[in-house]
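Notes follow the structure.
The values are calculated or read from the model by the stated rules, or taken from the named source; none is laboratory data. Note that the coordinates shown come from a computational prediction; the quantities given were computed from them, not determined experimentally. Cβ coordinates were reconstructed from backbone atoms using ideal geometry, including for glycine residues, and neighbour counts include every protein chain displayed.
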Amino acid sequence: MIEWLKSLTPEFYVTIGGLVLLSLFSIIQLYRLNRISNKVGEQEFYMKEMIQMIDGLTYLHLTVINKSFSSNQINMISIARRNISKTIEEKTIMIAPRSKYNTNFLMDDLKPFVFSNRKSYKKFKIYVENEIGLRKAIKPKYANKYLKKEFNKEKHQMKLELKAKRFEQGTYNLAERIGLIVGLLFRPFKKMFQNMAYSTNKALKESEIRRQQKKEHDAIKYKLEETEAQLNSIRIQEDALKVNKTRETELQLLKKEKELALEKIKLIAIQEAYEQAKTDVIKRNVEEEAKSFFQENPIKFDELTEQAQLEIDKNFENNSLVSTNDVEETAFTEDDEKIEKNKDIELEKSELEDQIQKNDEKIEETDVSAINGSGKPEKRAKKSKKEKNIPSLDESTSDQLSVE
């Protein structure tokens with residue numbers, strides 16, 4: 001067998017695989033065609049149910065869906081429990097192709113039929129029948145769940161009513177009689193536990209009230225203490241502000257800081273002005289200023305020497321007049337006159353020396369400026385004849401002495 005499989009060619013496996021795929025596709029296609037034929041040729045419909053609340057009343061909402069491509073006619077809608085059925089709607093309804101029909105049924109109308117068995121709840125079915133007698137049935141899941149709850153409620157209520165009726169008539173059953181006897185035997189314990197529970201509840205209630213009152217009192221007391229603490233802190237702050245000189249010191253510090261900043265600004269401005277003046281002086285061209293000055297004011301040496309000689313002559317004339325006046329006025333003694341004249345001569349001598357020195361300095365300055373302006377030294381001007389004829393101090397003193 002294994003050798004036979006080994007001897008098979010790849011074409012055989014390809015052929016077998018193709019046949020399998022072809023059979024699968026054909027089966028799928030046949031299933032689709034069957035469904036389409038059922039929808040087209042047969043009357044196929046489905047149902048869905050749900051619970052609705054309308055104006056405080058509970059309804060069973062039923063939807064009949066026509067899935068076929070032909071119209072469907074419904075004649076009856078019924079409910080069934082086991083082998084018993086009840087028609088809840090009987091009328092002819094035409095449902096168009098690919099359409100639906102909605103209807104509602106009140107749950108209270110279904111309860112008498114569904115609750116006919118008082119012992120236990122039995123689920124019911126809903127079925128729809130068309131004109132040819134084709135039925136479609138479903139088990140309403142939501143409706144059965146709702147009706148089962150209602151059935152249990154009614155059953156429990158019925159038991160309570162029957163028990164109350166038996167207790168009124170005194171016709172107890174076995175379980176109730178046993179319960180009454182047991183209750184009679186354990187009644188003292190029951191009363192004791194009731195009293196204990198009552199006293200405990202009362203104590204707990206009183207303690208709860210006291211705790212609530214204490215809580216309110218503590219809240220008010222805490223608020224009072226907090227207010228007092230705030231008041232004391234404010235008073236302490238007021239006293240501190242009255243006594244403490246920190247703020248005054250801060251104001252003084254602020255003033256001094258402002259003055260210091262102002263002085264710094266002034267110092268910076270002065271330094272800037274000094275630097276500006278310094279730069280202006282450094283940039284000043286002395287040679288050009290000297291040239292422009294001597295071009296505007298040329299030096300005339302003859303006029304200078306003449307002016308100096310005139311001043312010297314005037315001084316000598318004044319001295320000669322003073323000496324003649326002194327000779328004529330002989331009110332003082334000879335010794336006093338000699339002393340005063342000597343003093344005057346010394347003063348005149350010093351003045352003449354100062355005047356001559358000033359004139360020499362002026363001449364030297366004019367020579368230096370001329371050298372700086374032209375770049376060549378000029379010959380110093382010769383003294384005039386008047387300067388040569390100026391008597392010396394010794395000669396003038398000797399003449400005055402001879403006069404005396």
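Okay, residues lined up against (1) surrounded by fewer than 10 Cβ atoms within 10 Å (Cβ to Cβ); (2) closer than 30 Å to Q357 by Cα; (3) of a type in the set (D, E):
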position: R210; (1), (2), (3): no, no, no
position: L224; (1), (2), (3): no, no, no
position: A240; (1), (2), (3): no, no, no
position: E250; (1), (2), (3): no, no, yes
position: L262; (1), (2), (3): no, no, no
position: D280; (1), (2), (3): yes, no, yes
position: E287; (1), (2), (3): yes, yes, yes
position: Q295; (1), (2), (3): yes, yes, no
position: E311; (1), (2), (3): no, yes, yes
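Checking the conditions here, which among R235, R166, R177 is under 60 Å from the mean Cα position of the chain (by Cα) and either surrounded by 10 or more Cβ atoms within 10 Å (Cβ to Cβ) or part of a helix (DSSP H, G or I) (or both)?
Testing whether each residue is under 60 Å from the mean Cα position of the chain (by Cα) and either surrounded by 10 or more Cβ atoms within 10 Å (Cβ to Cβ) or part of a helix (DSSP H, G or I) (or both) leaves just R235.
Given the options T58, T15, T87, name the one that is assigned by TED's automatic domain parsing to the domain that holds A143 and exposed (fewer than 13 other Cβ atoms within 10 Å of the Cβ). Spell out the reasoning first.
Working: T58 fails: exposed (fewer than 13 other Cβ atoms within 10 Å of the Cβ); T15 fails: assigned by TED's automatic domain parsing to the domain that holds A143.
Selected residue: T87, the only one of T58, T15, T87 that is assigned by TED's automatic domain parsing to the domain that holds A143 and exposed (fewer than 13 other Cβ atoms within 10 Å of the Cβ).
Using the structure shown, decide if K141 is out of contact with any Leu (no Cβ under 7 Å at 6 or more places or on another chain) and without any contact (Cβ under 8 Å) to a residue 40 or more places away in the chain.
On the way: out of contact with any Leu (no Cβ under 7 Å at 6 or more places or on another chain): yes; without any contact (Cβ under 8 Å) to a residue 40 or more places away in the chain: no.
It is false that K141 is out of contact with any Leu (no Cβ under 7 Å at 6 or more places or on another chain) and without any contact (Cβ under 8 Å) to a residue 40 or more places away in the chain.
Answer with yes or no whether S85 is under 20 Å from K136 (Cα atoms) and part of a helix (DSSP H, G or I).
Values: under 20 Å from K136 (Cα atoms): yes; part of a helix (DSSP H, G or I): no.
No: the conditions fail for S85.
Here is a list: K145, K214, K155. Which entry is under 30 Å from P112 (Cα atoms) and modelled with pLDDT of 90 or more? Outline the logic, then answer.
Values: K214 fails: under 30 Å from P112 (Cα atoms); K155 fails: modelled with pLDDT of 90 or more.
After applying the criteria, what remains is K145.
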